[in-house]
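Here is the structure we will look at, set down as structure tokens.
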Amino acid sequence: MTAKTHTNVEKEMSFLDHLEELRWHLIRSTIAVVVVATVAFIAKEFIFDIIILGPKSSDFPTYKLLCRAATELGFEDNFCFKEESFRIQSRTPAGQFSAHIWTSITAGFIIAFPYILYEFWKFVSPGLRNNERKNSRGFIIIASILFFIGVCFGYFVVTPLTINFLGSYKVSEVVFNDFDLSSYIGLVRASVLASGLIFELPIIIYFLTKVGLVTPPLLKKYRKFALVGVLIVSAIITPPDIASQVIVAVPVLILYEISIVISKVVVRKQNKKMKADGKSR
């Protein structure tokens with residue numbers, strides 16, 4: 001075997017070893033999701049009656065807070081959810097069981113998210129330098145906190161606003177709103193997961209800045225386009241009224257501005273390191 005062939009075999013083995021390592025990280029992450037999903041499956045009454053169906057009730061805490069704030073601002077009719085104006089039904093034989101399974105899996109993913117990040121970090125961290133590993137030490141904690149804040153925002157803000165609007169909207173008094181169970185759960189799931197992932201924006205910008213794909217001037221240059229994008233996303237995941245869109249858009253815009261600051265900090269540290277390395281030479 002020639003030296004060139006031997007080198008190629010080593011590279012191939014190294015690549016296969018990385019694939020094998022990635023496979024085990026994915027397996028452990030999947031096991032964590034399944035374990036938590038099993039617990040969620042057993043706690044059916046709490047997951048559905050309290051969590052999933054909570055925003056359907058007029059006693060949901062968000063409605064009380066929004067109604068109190070809206071009354072002060074003169075928007076009482078838009079945000080005061082005074083009655084349950086729709087019903088939820090299952091129209092397929094396996095509808096409720098299927099909803100039970102997929103809701104448990106979603107709960108498993110959300111709760112096990114920090115552990116999934118931990119497995120991702122264990123796979124990526126060996127390829128980082130010592131100083132990069134030290135600077136990114138709080139990645140799992142910060143990313144998890146941002147994700148859970150986003151999940152709570154989606155559940156306590158986006159979901160109630162959407163359900164309140166769609167549940168009370170009528171084209172005629174003779175038409176009654178009967179929501180399919182899978183459609184209702186899909187709405188809650190999309191609002192929660194989308195918000196959780198959107199709140200990861202500062203983390204995404206941090207890593208994109210580290211690899212040189214994003215810079216503070218670039219983020220500032222496209223700030224106007226980002227504003228339009230945020231408004232479009234807000235219009236998609238919220239009811240078509242301005243107040244709801246503003247409530248959703250403001251936190252995302254704040255996250256974008258925070259991302260610009262984070263990008264500046266990363267670039268400043270990189271420049272200092274380059275100057276220090278230049279002087280040492």
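What the table below lists for this structure:
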| quantity | calculated |
| --- | --- |
| Residues of the stretch 164-184 classified as under 17 Å from Phe60 (Cα atoms) and more than 19 Å from the chain's Cα centre (by Cα), total | 5 |
| Residue satisfying all of: in the stretch 151-165; of a type in the set (Ser, Thr, Tyr) and surrounded by fewer than 23 Cβ atoms within 10 Å (Cβ to Cβ); nearest to Tyr184 (Cα to Cα) among these | Thr162 |
| Counted residues, the stretch 99-130 - those being touching a Leu at 6+ places or on another chain (Cβ under 9 Å) and under 20 Å from Ala40 (Cα atoms) | 4 |
| Residue within the stretch 141-151 that is in contact with a Ser or Thr (Cβ under 6 Å, 6 or more places away or on another chain) and under 18 Å from Ala112 (Cα atoms) present | yes |
| Candidate set: the stretch 51-95, residues that are assigned to a helix (DSSP H, G or I), open to solvent by 100 Å² or more (accessible area, probe 1.4 Å) and not charged (D, E, K, R); chosen: the one modelled with the lowest pLDDT | Leu73 |
| Residue match in the stretch 10-24 (condition: modelled with pLDDT under 80 and open to solvent by less than 60 Å² (accessible area, probe 1.4 Å)) | yes |
| In the stretch 216-242, residue nearest to Val261 (Cα to Cα) [restricted to those that are at pLDDT below 70 and of a type outside the set (Val, Ile, Thr)] | Ser234 |
| Selection count where residues are open to solvent by less than 60 Å² (accessible area, probe 1.4 Å) and either without any contact (Cβ under 8 Å) to a residue 40 or more places away in the chain or among the hydroxyl-bearing types (Ser, Thr, Tyr) (or both), scope the stretch 216-226 | 1 |
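The values are calculated or read from the model by the stated rules, or taken from the named source; none is laboratory data. All of these numbers come straight from a predicted model, not from anything done at the bench. Quick reminder, even Gly has a Cβ in these numbers, built from the backbone with ideal geometry, and neighbours come from all protein chains shown. What goes into the accessible areas is simple: the full protein's heavy atoms, side chains included, and nothing from ligands, DNA or RNA. Shrake-Rupley method; radii C 1.70, N 1.55, O 1.52, S 1.80 Å.
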